[in-house]
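Student: Please read through the structure below; I'll follow up with questions.
Coordinate-derived values only; no laboratory data. These numbers were taken from a predicted model, which means no experiment stands behind them. Note: ideal-geometry Cβ built from the backbone for every residue, glycine included; neighbour counts use all protein chains shown.
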Amino acid sequence: IDFDLLLENVKDLNVLAGEGTSHVEHTPGGAQLRQPEPLSLTLYQNGIITFNGAFRPYEDPSTQQCLQDIMDGYFPSELQNHYPDGI
């Protein structure tokens, strides 16, 4: 795994997802600025943890697909279930 490329692509995807931007959220009696909720990705020597979930070893096919999507410059396809309208 090319961790340098992976981290660079994560930074680029964060910008595309709106990192550092805020949007107006209407509330009863007014409005407030809200930043997008971050998605957790923790890298270990032998696997990853996403969404503060279970440990996923690099040998697992779903982990390989997730990392390959990121290394190709795309949001992981597994996020489609969580964000069907896009990030």
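Student: How big is D, in µm² s⁻¹, for the stretch 24-75 by Stokes-Einstein at 4 °C and 1.567 mPa s if Rh is the Kirkwood radius over C-alpha pairs? Walk me through the intermediate numbers first.
Tutor: Values: Rh = 13.3 Å.
For these conditions, the coefficient is 97 µm²/s.
Student: Among GLN32, ILE49, GLY20, flag the residue with its Cα farthest along the positive direction of the charge dipole of the chain, charges on Cβ as +1 for Lys/Arg and -1 for Asp/Glu.
Tutor: GLN32
Student: Still on this model: To the nearest 20 debye, what charge dipole does the stretch 1-40 have about its Cα centre, counting +1 at the Cβ of each Lys and Arg and -1 at the Cβ of each Asp and Glu?
Tutor: Details: 2 positive and 7 negative charges, 57 e Å.
Charge dipole of the stretch 1-40: 280 debye, to the nearest 20.
Student: To the nearest 500 deg cm²/dmol, what mean residue ellipticity at 222 nm is calculated for the chain from DSSP H runs of n ≥ 4 alone, each contributing -39,500 (n - 2.57), summed and divided by the residues? Intermediate results must be reported in sequence, preceding the final value.
Tutor: Values: 2 runs with 25 residues, N = 87.
About -9000 deg cm²/dmol.
Student: While we're looking at this one, here's another question. Rounding to the nearest 20 debye, state how big the charge dipole of the chain is about its Cα centre with +1 on each Lys and Arg Cβ and -1 on each Asp and Glu Cβ. Before the final figure, lay out each step's value.
Tutor: Working: 3 positive and 13 negative charges, 64 e Å.
With only Lys, Arg, Asp and Glu charged at Cβ, the dipole is about 300 debye.
Student: Using a Gaussian network model of the chain whose springs link C-alpha atoms within less than 10 Å, name the residue from PRO61, PRO28, PRO36 with the highest mean-square fluctuation.
Tutor: Per the Cα network of the chain with a 10 Å cutoff, PRO28 tops the list.
Student: Could you give the radius of gyration (one decimal) and Dmax (whole number) of the Cα atoms in the chain, in Å?
Tutor: 15.2, 51
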